[in-house]
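Structure record follows, encoded as structure tokens.
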Amino acid sequence: MSELSSLLLASLSPQSRKQAEQSLSLLSAQPGFLRHLLILVLNASEARGVRLAGSVYFKNVIKQRWPSDAEEAPISLDDKNVIRPELVRAMISLSSPADKPLRAQIAESVSIVASYDFPERWPDLITQLVSSLSTVDYSISLGVLETAHSIFYRWRSAVRSNELYTVINYVLDHFVAPFVSFFRETATILLSNPNVPNLSVVAQAQAVLMSLFYDLTCQDLPPLLEDNHAEFFGAPDGSSPGWFLQFLAWDPPALRGDSDDTTPSVPSQIKTVIMEIAELYTNRFPELFSTSSAMAPFVQSVWTIIGGGGRPSVADDHLVAQCLKFLSTSVRSGLFQDLFRSPETIGTIVTGIVVPNVELRDHEIEQFEDDPLEYLRIDLSVPLVSASGSEGTTRRHAAADVLRALVNANLEAETTSVVLNIVSQDLQAYKSNPSANWKQKDRAIFLISAIASRGWTVSQGVTSTNALIKVVDWYVDNVLGDLQAGPGSIHPILQVDAIRYLYIFRYQLNLNISRFALVDQGATITNNPDAYHSSSIPELCLLFIRCDYIGTDIIYETRSQTFRRSMFTEVDIRDQAGNILTALFVKLEGPGTPEKIAENDYLMKTVMRVIMTARQSLLPIHEQILARLVQILSVISKNPSNPNFDQYLFESISALIRFIVAANPDTLSHLESVLQNVCTVILQQDIEQFVPYVFQILSQLLELHSGTIPAGYRGLLPLLLTPAPWAQKGSIPGIVRYIKACLAKDGTEIARAGQFTAMLAVAQQRLIPSKVNDNWGFELLQGSDEFDDPDIVLPIILSLLTRLQANKTDKFANLFAYFLLYIWAIQAEGFTPDYVIGVMEGIQAGLWGNLFTNIMLPEIPKMPVRDRRVAVAGLTRLLTESSVMRQGPNAQLWVGAFVALAKFVHEPQTLQRTKAADLNESDTAFTTVDLEEQNAGYQAAYSRLAASEVVAVDPIPNIPDVHLFMKQELTKAVSGNPQLGQWIQHSGATIDGLI
């Protein structure tokens, strides 16, 4: 372990990072590694960077290997027993403010270990924490409280279960009483003494105590806290304000930050959590807020804190938003109508609380001018309309939600009247002096958008509106002109507002008119690039954000999703796509450095949307587009820094391949020559962020070949049959897809070269044993059709049975059952039902009956809908082609299989091909990518390129109607063996039309 410090130091340098991480990985498998690493982290004589790197590595090893069933070598029980008691002591020793970054990593480690071991294997954890609390040394107490919060915080999003409540009750028994006592002592110190020593640390401890109060009450109300409700919330008669109301008014000058700070002060943090608690109680425990006298002081506190725009600082954004969320929740609860129903109160809320918090602030305008993409990112990060009514992380969106709460609380007429009066004044002010009063129009558009919106979904925008607002008329009178305004004629933020209005109300508006208005706007931008400010580019970003609309133009439907065409089509932008892409590329390439280029993921997403909209119309300029994309890829590959940017870049390349080759297959060779060069460099340099994408791109190119494939594809296979490429988990799906494509396009040559057995060995040795990657092992096996060699079949079956015996999971059992049905359904040569049964019986007598009864029959009903056609075909072949299934004790298995088959038949919709299978490939790609964008593309484990994928190949194309196939085959089998008919009758199951 002597080299541990130098390895951690080396891991901080880009030049030596990879080698250092590999060495650390090997070292971490040695017994006692974690203890040595923790000692290093606590050693104050070590370099600070090394200690911080060590704390992060410590947490990551705990996270990956503490579970007993971890994919990598799990931490031994001996090491666990050594580490557990050291963790709290480590937290205490890192109690100084300078050690806060280290303490945060160790606290997270405690939380991870506790999630697996507490309380069964770590019963003294709470005792350790409580015994370390002290009002003498708040530095230590702060670390203890932070550790407790890191453990209990997980309860906030946990699903209720007996196991969860067992843990919570254990904590309540041992922690709540000391917590209340320590809360009381700390609050008394802060509120009774204006000159508290170490005020900042004590206040931080109080902030964490507030968070712990939320943790302890987020699932249910602890009896002790319920008994002491008045102490915290105040007496019902108002005689005592309670701790929370006192801290809402507490704002010592020594803890106030500067006006230009972006980090909230500790008093602001305390107030924010109190408002979160008040919102929680309003939702979960309304009986404790059942009277207006109990609620009124908190509502009054909101007015005191944020009324009149009194907290404009960025540092207070979270506090302001949370106060507004509490107000929305109180209105929606319906319990306090007498507090909010009077017109005077509504007018005060709208003019004194809502309006000041929707006004654009100077820093927001500066941000739009300096970084318009970041402005858009924040502005669109939370929808203007919240489906749940409780979301809104910015103060503007939270203020808008207050308006919607009032409207939905049967106060629509009163609220709308007040808002319309303000909007009218704002529009008059704008008309009198547009250049000076443009912010008033921005506010007017925002207020109208908020008050008019009653129901909303991601895919449709606003679905129901305020009947008192004529959304379409208002658009024509006040918005459309801004959308069509020439360069420099109005403030660009107003044009962004106009596009946002169109985007939100696309369900209500005439989209044909709106579509052409936006396309005209795009043409103006691209035809006059020098006349436009840089802030015009975000309009293009908004222009091509996924914008499906409701209409009759449905592509296809499934049980859970309706696929509709995008608002924009290839015809709309084909004449301008080149200019638009040129403008975007110029903007993207401007910064020059990899890090700066990769910051612009919004622009890159827009490039992707333009390509996916323009499609085959890009054929004349596809070489120039590809060259620009590859140039950007070459630059950012020097230092990949933004996963979302990477996703959109590769998705753009993939979409270009898809549509251009579809337009002209002869372009494939040029695309290959350009992309194989850059892909080769990425693989040679092992740029791990890009390798998963590269295999998908290469697979896509390979799958597009219809004849003999270039030798370069075959030359990559030997590398893929070595362990190294499989070490990166994110690459495995892409590698499996590549190998499957090679088998499909070049299977004969692969078999001749003797590589097929090596491919199956990868599945058997690396994928099937893995609980994470076993599905990819089956994917690879199902992509192989060379099953006629017993020397191949037996090892496959043995590897599957070994995994079933050693580490069976529900997922693996289902995959195993489907695999057997699949190979029977496709009639894999040599892999007949009787052959498989014979192999299993040869391993152990009675093995087949055991597997079929305990694995196959329970899993068959659980088959996903997409797999059921194949499952029915496989079951039918088992019933009609296997003679062994009709002999001796197997007769009962035959009856069980028939019953399972009959259950499928009673859900006929599961036996039909989906309409998606008959779609044009390009349409499928487009809608698939639209769906992917809803979930933000990139995932650390594996980022699928939706545009690279083709419609799934039907594994049984020779059986177009599986229901008819099943009845014909069973009828034929019964005719040849009347005993089968008797078994069917005695089974009690029926299939219509089957004799």
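The values are calculated or read from the model by the stated rules, or taken from the named source; none is laboratory data. Since this is a predicted model, take the numbers as computed values, not measurements. Reconstructed Cβ throughout: ideal geometry from the backbone, glycine too, with neighbour counts over all protein chains shown. These area figures cover heavy atoms from the full protein model, side chains too; ligands, DNA and RNA do not enter into them. Shrake-Rupley method; radii C 1.70, N 1.55, O 1.52, S 1.80 Å.
Quick rundown of the values:
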{"item": "Odd one out for Gln764, checked against (1) at pLDDT 85 or above; (2) touching a Pro at 6+ places or on another chain (Cβ under 7 Å); (3) not basic (Lys, Arg)", "result": "(1)"}
{"item": "Test set (1) in a helix (DSSP H, G or I); (2) within 26 Å of Pro312 (Cα to Cα) - Asn410 fails condition number", "result": "(2)"}
{"item": "Hits in the range 87-125 - residues which are among the hydrophobic types (A, V, I, L, M, F, W, C) and in contact with a Pro (Cβ under 8 Å, 6 or more places away or on another chain)", "result": "Leu125"}
{"item": "Residues that are over 41 Å from the mean Cα position of the chain (by Cα) and open to solvent by 70 Å² or more (accessible area, probe 1.4 Å), drawn from the range 958-975", "result": "Leu964, Gln968, Lys972, Ser975"}
{"item": "Residue within the range 812-826 that is free of Cβ contacts under 8 Å to residues at least 40 places away in the same chain, open to solvent by less than 40 Å² (accessible area, probe 1.4 Å) and within 19 Å of Arg766 (Cβ to Cβ) present", "result": "no"}
{"item": "Pairs, first closer than 13 Å to Ser28 by Cα and without any contact (Cβ under 8 Å) to a residue 60 or more places away in the chain in the range 53-72, second open to solvent by 50 Å² or more (accessible area, probe 1.4 Å) and assigned to a helix (DSSP H, G or I), C-beta under 7 Å, six or more apart", "result": "Lys59/Glu108; Trp66/Tyr116; Glu72/Gln64"}
{"item": "Selection status of Leu248, free of Cβ contacts under 8 Å to residues at least 60 places away in the same chain, at negative phi, surrounded by fewer than 20 Cβ atoms within 10 Å (Cβ to Cβ) and in contact with a helix residue (DSSP H, G or I) (Cβ under 6 Å, 6 or more places away or on another chain)", "result": "no"}
{"item": "Filtered residue count, the range 701-719, keeping only those that are open to solvent by 10 Å² or more (accessible area, probe 1.4 Å), assigned to a helix (DSSP H, G or I) and either in contact with a strand residue (DSSP E or B) (Cβ under 6 Å, 6 or more places away or on another chain) or at pLDDT 90 or above (or both)", "result": "1"}
{"item": "Scan of the range 678-700 for residues that are assigned to a helix (DSSP H, G or I) and open to solvent by 60 Å² or more (accessible area, probe 1.4 Å), ordered by number", "result": "Thr680, Val681, Gln684, Gln685"}
{"item": "Test: residue in the range 225-238 that is within 32 Å of the chain's Cα centre (by Cα) and part of a helix (DSSP H, G or I)", "result": "no"}
{"item": "Pair list, Cβ < 7 Å and 6+ apart or interchain, from the range 592-604 residues that are within 20 Å of Ile653 (Cβ to Cβ) to residues that are open to solvent by 40 Å² or more (accessible area, probe 1.4 Å) and part of a loop (DSSP other than H, G, I, E, B)", "result": "Pro594/Lys638; Pro594/Asn639; Pro594/Ser641; Ile597/Pro591; Ala598/Ser641"}
{"item": "Single residue of Gln322, Gln367 found to be open to solvent by 30 Å² or more (accessible area, probe 1.4 Å), assigned to a helix (DSSP H, G or I) and of a type outside the set (A, V, I, L, M)", "result": "Gln367"}
{"item": "Extreme residue, nearest to Asp220 (Cα to Cα), among residues of the range 251-283 that are without any contact (Cβ under 8 Å) to a residue 24 or more places away in the chain and open to solvent by 70 Å² or more (accessible area, probe 1.4 Å)", "result": "Arg256"}
{"item": "Residues of the range 445-490 classified as in a loop (DSSP other than H, G, I, E, B) and closer than 17 Å to Gln428 by Cα, total", "result": "2"}
{"item": "Any chance Lys63 is open to solvent by 50 Å² or more (accessible area, probe 1.4 Å), out of contact with any strand residue (DSSP E or B) (no Cβ under 9 Å at 6 or more places or on another chain) and more than 27 Å from Ala114 (Cβ to Cβ)", "result": "no"}
{"item": "Unique match (being open to solvent by less than 60 Å² (accessible area, probe 1.4 Å), touching a Phe, Trp or Tyr at 6+ places or on another chain (Cβ under 7 Å), closer than 27 Å to Asp362 by Cβ and at pLDDT 90 or above) among Leu494, Leu427, Leu447", "result": "Leu494"}
{"item": "Subset of the range 157-177 (residues that are open to solvent by less than 40 Å² (accessible area, probe 1.4 Å) and of a type outside the set (Gly, Ala, Ser))", "result": "Leu164, Val167, Ile168, Val171, Leu172, Phe175, Val176"}
{"item": "2 or more residues small (Gly, Ala, Ser) and open to solvent by 10 Å² or more (accessible area, probe 1.4 Å): qualifying helices (runs of 4 or more DSSP H) within the range 98-156", "result": "100-117, 138-152"}
{"item": "Sole exception among (1) open to solvent by less than 50 Å² (accessible area, probe 1.4 Å); (2) touching a residue at least 24 places away in the same chain (Cβ under 8 Å); (3) touching a Leu at 6+ places or on another chain (Cβ under 9 Å) for Met210, by number", "result": "(3)"}
{"item": "1 or more residues acidic (Asp, Glu): qualifying helices (runs of 4 or more DSSP H) within the range 802-897", "result": "810-825, 833-843, 868-881"}
{"item": "Test: residue in the range 575-598 that is open to solvent by less than 50 Å² (accessible area, probe 1.4 Å) and in contact with a Phe, Trp or Tyr (Cβ under 6 Å, 6 or more places away or on another chain)", "result": "yes"}
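One line per residue, one yes/no per condition, for (1) open to solvent by 70 Å² or more (accessible area, probe 1.4 Å); (2) within 19 Å of Glu86 (Cβ to Cβ); (3) modelled with pLDDT of 95 or more:
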{"residue": "Glu3", "(1), (2), (3)": "yes, no, no"}
{"residue": "Leu9", "(1), (2), (3)": "yes, no, no"}
{"residue": "Gly32", "(1), (2), (3)": "no, yes, no"}
{"residue": "Leu38", "(1), (2), (3)": "no, yes, yes"}
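So that you can scan it fast, the table gives a plain yes or no per residue for (1) modelled with pLDDT of 90 or more; (2) surrounded by fewer than 22 Cβ atoms within 10 Å (Cβ to Cβ); (3) not in a helix (DSSP H, G or I):
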{"position": "Thr348", "(1), (2), (3)": "yes, yes, no"}
{"position": "Thr351", "(1), (2), (3)": "yes, yes, no"}
{"position": "Leu360", "(1), (2), (3)": "yes, yes, yes"}
{"position": "Tyr375", "(1), (2), (3)": "no, yes, no"}
{"position": "Pro383", "(1), (2), (3)": "no, yes, yes"}
{"position": "Ser388", "(1), (2), (3)": "no, yes, yes"}
{"position": "Glu391", "(1), (2), (3)": "no, yes, yes"}
{"position": "Ala400", "(1), (2), (3)": "yes, no, no"}
{"position": "Leu406", "(1), (2), (3)": "yes, no, no"}
